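Reading through the C-alpha cells given below for one structure.
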Amino acid sequence: MIREEIIKNVKSFGAEEAQIVKLTENDISKFAQIVESYPDTMLYLKNRALERANPKIWFNQAKSILLAIFPYWDNSKDHKKINDSINDPYSYLVEKGRKPPDFLKNKKFQIARFALCGDYHISIKEALKKALEESAKIMPELKWKIFVDSSPVFEKDLVQKAGLAFQGKNTLAINKNLGSYFFIGGAMLNIDEGIEPLKTESLCKDCTLCIRACPTSALSEYRMNPVRCISYWTTHKTKTPPPYEIMTLCEKRYGCDICQEVCPYNKNRRAKS
C-alpha cells in the first residue's frame, strides 16, 4: 500500500515516527478562545483560522494528512557542556539565522536545545519533499503540500489524531517513548488512505512538575500565558521589553527548556541505535 511506502520513506529521511490519518475538519473553538488573548506578535496563531479548521481550504486536493515527528535532542548530549563551549551566544544565534532580542547582546546566556539546531523549517521540508518524491516513483499521481509549524495547520491537534503524541500540561506535544524534544512536520495528501482519527488522552495524569517548575508561573494545566513565558520574550520579535519582574530571568536564556527538563517522559530519551 502507498501509505506504508510513504511512512517507510519518511522514516528513512529522518523521522522517528510517522502516520497518515484521514482528513477531517478540526474543531478549533477551544484553540481560538485560548489564543484570543495572545499578544499581537503571535498573530500568526490567530490568523487564517478557516484554513486551520478546514485543511481543504489550504490544499483543495487534500484527502489525508501525513504527520511525522523529527527528534532534535536526546540525553546522550550534554546541554550544559555545549552551551559552555559557546563564547558569544548572541553571535552564535545570529550566525544560525535567528534574531535574538537586543537585551541579550554582550551577555552569557543559555540557549534552549531546539535553537542549537539549524533552521528546522528548511531541513524538515526538505526531508519530507525527498520522501514524497521517492514515494511518487511508484504512485506518479501522488500530490502533496508540505507543512511545518509556520503553516496554517493545527499540527499539535493533528499529531494527536495520528496517535503520535498527546498534549502535555505544558501545552507541548509529548510522545510516550520520545518525550517532547521533537519537531512536527507533515503534508496534506491527495490519497484516500489513512487511519481513522484517534482520540488521544493525555498521559500526564496527576503530574504537575512542569507547572511547579516554571519560574515565571507561565503555566497552568494545558494553558500557557505567553506574556509570562521566557521563551516568548526571547524568541519572538517584540517592541517592548519583558515585564520588570521577569527581565532578569529572560536575560539568562534564549528559549526555555525548564518545563521539558522536569518532564518524566524526557528523562530516559536516548539516541536511536
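Rule-based calculations on the coordinates, nothing more; no lab input. This is a predicted model, so every value here is computed, not measured. Counting neighbours? That spans all protein chains shown, and the Cβs are built from the backbone with ideal geometry, glycine included.
General observations
- Every helix of 4 or more DSSP H residues in the chain counts as -39500 (n - 2.57), and over all residues that averages to -8000 deg cm²/dmol at 222 nm.
- Distance histogram for the stretch 165-219 (every C-alpha pair counted, 10 angstrom bins, percent rounded to whole numbers): 19, 40, 28, 10, 3
- Remark: the stretch 123-273 carries a charge dipole of roughly 400 debye about the Cα centre, counting +1 on each Lys and Arg Cβ and -1 on each Asp and Glu Cβ.
- Computed on the stretch 100-218, with alpha-carbon pairs under 8 angstrom and 6+ residues apart, the relative contact order is 25 percent.
- Given R0 = 30 Å, the distance between the Cβ atoms of Glu51 and Phe103 translates into a calculated FRET efficiency of 0.30.
- Angle in degrees between helix 120-136 and the longest Cα principal axis of the chain, rounded to the nearest 10: 10
- Maximal additional length on extending the Asp206-Glu193 stretch stands at 1.0 nm, based on 0.36 nm per residue less the C-alpha distance.
- Of the residues Ala18, Ala187, Tyr120, the one whose Cα sits farthest towards the positive end of the charge dipole of the chain is Tyr120 (charges of +1 on Lys and Arg Cβ, -1 on Asp and Glu Cβ, taken about the Cα centre).
- Folded to 0 to 90 degrees: helix 2-12 orientation relative to the chain principal axis, Cα: 30
- Here the calculated FRET efficiency for His236 and Glu5, from their Cβ-Cβ distance with R0 = 35 Å, stands at 0.35, rounded to the nearest 0.05.
- Annotation for the stretch 156-194: trypsin sites (Lys or Arg not before Pro) lying in DSSP loop with at most 13 further Cβ atoms inside 10 Å of their Cβ are Lys176.
- If the convex hull is drawn through the Cα atoms of the stretch 157-273, its volume per residue in Å³: 140
- Net charge contributed by nearby residues that have their C-beta within less than 15 Å of Leu209 (K/R +1, D/E -1): 0
- Among Ile230, Ile111, Ile57: highest mean-square fluctuation, GNM of the chain, C-alpha pairs under 10 Å: Ile57
- Principal axis extents of the Cα atoms in the stretch 46-122, from largest to smallest and rounded to whole angstrom, are 49, 32, 18.
- Choice from Leu198, Leu128, Leu66 with maximal GNM fluctuation in the chain (Cα, 10 Å cutoff): Leu198
- Gain in span if fully extended, Ser12 to Glu95, counting 0.36 nm per residue against the direct Cα distance: 27.0 nm
- Radius 10 Å from Cβ of Gln19, net charge of other residues (Lys, Arg +1; Asp, Glu -1): +1
- Cross-link table Lys130/Lys169; Lys11/Lys137; Lys77/Lys169; Lys105/Lys169; Lys8/Lys176, entries beyond 23 Å C-alpha to C-alpha: Lys130/Lys169; Lys77/Lys169; Lys105/Lys169
- Relative contact order computed over the chain (Cα-Cα under 8 Å; 6+ residues apart), in percent: 26
- For the chain, taking the reciprocal of the average inverse distance between every pair of different Cα atoms yields a Kirkwood hydrodynamic radius of 19.7 Å.
- Taking 7 Å steps out from each Cα toward its Cβ at Cys117 and Glu221 produces label points 3.1 nm apart.
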